[in-house]
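Rule-based calculations on the coordinates, nothing more; no lab input. Everything numeric here is computed off the predicted structure, so don't read it as measured data. Here the Cβ positions follow ideal geometry from the backbone for every residue, glycine too, while neighbour counts run over all protein chains shown.
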Amino acid sequence: MGLIFFLLIIAGLSVYIFFTNKKDVLVDMPSQNALYKNPKKTVDARVEDLLKRMTLKEKVGQMTLIEKKSISEEGDIPLYGIGGLLSGAGANPENNSPEGWFEMVSGFTEASKQSRLGIPILYGVDAVHGHTNVVGATIFPHAIGLGATGNADLVYKIARATAREIKATGVSWSFSPNLDLPQDIRWGRTYEAFGDDPVLAGTLGAAYVKGLEEVEDSKDKNDEEKVFILSTLKHYIGLGGMRWGTATNPEYRIDQGVTESSEELLRSVYLPPFREAVEAGAGSVMIGLNTWGDTKLAAQRYLVTDVLKGELGFDGIVVSDWYGVYEIPGSEYGASVIAINAGIDMVMVPFEYKSFTNNVISAVSRGDISMARIDDSVRRILRAKFRLGLFDESPTFDASVVGSKEHRTLAREAVSESLVLLKNEAEVLPLRDDVKHIRVAGSAADNIGQQSGAWTIEWQGVDGNWFPGTSILTGIKEIAGSDVRVEYSSDGVFENDLEYADVGIAVVGESPYAEGVGDRESPKLSAVDLAAIERLRWVSKKVVVILISGRPLIVGDALLNWDAVVAAWLPGSEGAGVADVLFGKKPFVGTLPLPWPARVRQVPITPDGRTQDGSNPLFPRYFGLTTD
Ligand code: BGC
C-alpha cells in the first residue's frame, strides 16, 4: 500500500511537472562563464552551447512571436521564454515619442533577460517607410515612390537612416523590405512594393537589406558576423498575383487571396527578387497570407523548406505573418504542426501564446514535430540574436537620431526623385520666374497625414498636420518666396474669382488605407477632388494636377483638361521635395515602376506587360517625362 502510494505521488508529480512545465526550475542556471555568454566566441559556438542547455519549453518559447498587447502579465515573457514581440501597426506606447518607445522596448527586453538563460527578445516593427509608428520619426516615401526613383544607392541610404532611427529606440527587427509584385492596381497593398518588375524589386530590395543590416565600424574579427537591424523580406511568395474576388478574409476582395500562377511563373517572376535579397544577407523572410494552388503559403513545405531554405540556401528566420498559421484549415494544434513542419521557424501567433506553446510542446512529445525541426528553428533565431549583439550590448537612447535634420534632408531628396511627370503641355513645368500668382487646391494639399499614407502612426494612417513634417502647400509657399502670391482653398473656391492666377496647382488623391481595407473596384479620384480641380481651372490660366496615391488611378478623359500631371505617390513627411521640382530647383527624373492602366478592364496587367483587353495601358512601365 505504502509503495503504491509512493508511486502514485511520483507519477502525480511527473504529470504536474510536464503540464505546468515547471521542470525548467529544476535545471541549473548557467554561470557567468558559460560559453554562450562570451562575446569573443563565434556565433555558431555560442548558439550550440546555448541550444544544448535549453529545455523543450524554452525552445518553443523562442519560436513564439506575439503582439505586445497580448501579454497578460509582463512576468509571462521570462516564464514562457517568449522569443519575440512586435508592435502591430499602431500598437504604440502611451507616450508615443522616441523616448516612450525606448522605455517600452527596454522594459520588455529587460523582462526577457530575467528568464533562466537570459535570452533577450527580438522586437519587431513595420518600419516600411521609416520608423513611422513613432511620432517624430522621418517619414520616407512609400516603396512605390522609391521604385519610381530606381536609385539603389538612395534606397540604401534610406534603409540606413531608418535603421538608425529604429536602433535609437531599442528596436532590433524591421518587417521590411517588401518584394511583392503588384499586377492589379485594385490591390490595397500596391504601394508597399517597389513596383511590378522583378529586376527592380531585386535590386532595390537587396540595397534595402544592406542598408538595414550592415554594421559600419568593424572593430574585431567577429564583426563580420554582426547585423545592425534585422531585415525581413516579405511576403514570400506570389503576392501581387492574387486574383480579384478570391480573398479569404470576407471583408477584402483581393488581399490574402489566391495566386494563380504556374510554378514556372512563380520561379521566373516572383522568386528572383527573393534570391537577390537573400544573397544580400537578409536575416528573415515573412511568409505571405495568400494561397497557391489550394494551400496557404504557411503550409507549403515545398516552397518554404525545399525552395527557400534548400535551393536559395536561406539560413535566417522564416516567420509567419499575422495569424497566418491559424488560417491553415483545421484545429490550432493541427495548423501549428503543419506550419512548423513546412519550415516556419517563428510563428506570429500573435495572441494566445499559452495555447500555442502548449500545442507545440505536446506535438513534439507525441512525435508530430521532430526535435530536429525545433532545433533548426531555434538555431536560426538564436543566431540572429547573437549577430544583432542582443546578448552583449544594452541599447542606449539617442534623442538626436529620430527625425534628424540629416534624415529629413534625405527624405526630401527622395521625394524629388520619386516624382513622375506624366503630362506637360506647353512646358508649364517647371514653373517659370514670371509666375507671380499661384492658387493651390485639393484634399491632399495641406495634409501631412494624407501625403504619408497608411502605416504612419496608425495602421490605417492619420489625418492632418499635427506631427512633424512639411505639407506640400507649405513647401510651395517656402520655395515660391515672398514675391509670389500663393492662395489656398481646399475645395477650389477662391474669393476673387474674376482674376486668373498664373497657375493653379491641384494636390489631390487617395485617403490612407492599408492592406485589404484599400482593395477598390476602381481606384480613382473622389468627386470632391474632381470638383476642386474643375473650380481651380476656372480661376487659373494653367492647371497642374499632383496625384497623391498609392497606385496609378483611373483618370479617364479628365486628363485632357489638365495642362500638367505629376504622380507623386505617397511622399511622406517632407512635402517640400515636391515644390523643389515644381519650381525647377531639381529636375523630374522619376519613371513609372509599373504600368498605368487606362481603364479597369485592363487589369491585372501581366508581368510581361499584357493588359486583359489587349489594349495599351495609358502609360507603360518606366514612362516619365524629364525636365533635365
Ligand atoms: C501584414 C504584414 C505585417 C504584419 C505585422 C500583417 O497584417 O501582412 O506585412 O508585417 O501584419 O504588423
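Could you please report the charge total around residue 152, scoring K, R as +1 and D, E as -1 over all other residues with beta-carbon less than 13 angstrom from its beta-carbon? The answer is 0. In the chain, the longest principal axis of the Cα atoms and the axis of helix 405-418 are about 60 degrees apart.
Evaluating 6.51 cos²θ - 1.76 cosθ + 1.60 at θ = phi - 60° for every residue in region 586-591, the Karplus couplings come out as 9, x, 6, 10, x, 10 Hz, glycine and proline recorded as x. Considering only alpha-carbon pairs that sit under 8 angstrom and 6 or more positions apart, the relative contact order computed for the chain is 16 percent. Taking amide H positions as modeled 1.01 Å from N, with prolines and chain starts lacking one, the residues under 5 Å from residue 524 and 5 or more places away or on another chain are 554. Evaluating 6.51 cos²θ - 1.76 cosθ + 1.60 at θ = phi - 60° for every residue in region 455-469, the Karplus couplings come out as 6, 10, 6, 10, 3, 8, x, 9, 10, x, 10, 8, 10, x, x Hz, glycine and proline recorded as x. Taking the longest Cα principal axis of the chain as reference, the axis of helix 332-342 is set at about 80 degrees.
Please compute the net charge surrounding residue 442, taking Lys and Arg as +1 and Asp and Glu as -1 over other residues with Cβ under 10 Å from its Cβ. Net local charge, residue 442 excluded: -3. Here's how it looks for residue 317: its modeled amide H is under 5 Å from those of 284, 285, which are all 5 or more places away or on a different chain.
Just to verify a number: FRET efficiency for residue 436 and residue 244, C-beta to C-beta distance, R0 = 30 Å, to 0.05? The value I calculate is 0.05.
Compared with the dominant principal axis of the Cα atoms in the chain, helix 43-53 is inclined by about 50°.
Under a 5 Å amide H cut-off, with hydrogens placed 1.01 Å from N, residue 255 pairs with 188 among residues at least 5 apart or on other chains. DSSP beta bridges confined to the chain are antiparallel in about 20 percent of cases. Restriction of the chymotrypsin sites (Phe, Trp or Tyr not before Pro) in region 504-611 to DSSP coil positions whose beta-carbon has at most 16 other beta-carbons within 10 angstrom yields no sites. Could you tell me the calculated FRET efficiency between residue 371 and residue 40, based on Cβ-Cβ distance and R0 = 35 angstrom, to the nearest 0.05? Efficiency for this residue pair is about 0.75. Using the Karplus relation 6.51 cos²θ - 1.76 cosθ + 1.60 with θ = phi - 60°, the per-residue 3J(HN,Hα) values for region 535-547 come to 4, 5, 4, 5, 10, 9, 5, 9, 10, 10, 10, 10, 8 Hz, with x marking Gly and Pro.
Restricting the GluC sites (Glu not before Pro) of region 442-515 to loop positions (DSSP other than H, G, I, E, B) with no more than 16 neighbouring Cβ atoms within 10 Å leaves 495, 499.
Which loop trypsin sites (Lys or Arg not before Pro) in region 537-608, with loop taken from DSSP, have no more than 16 other Cβ atoms within 10 angstrom of their Cβ?
On the way: sites: 537, 541, 542, 585, 599, 601; in loops: 585, 599.
The qualifying sites are 585, 599.
What is the distance, in nm, between label points placed 7 Å from the Cα along the Cα-to-Cβ direction at residue 263 and at residue 559? Label at residue 263, label at residue 559, 4.1 nm between them.
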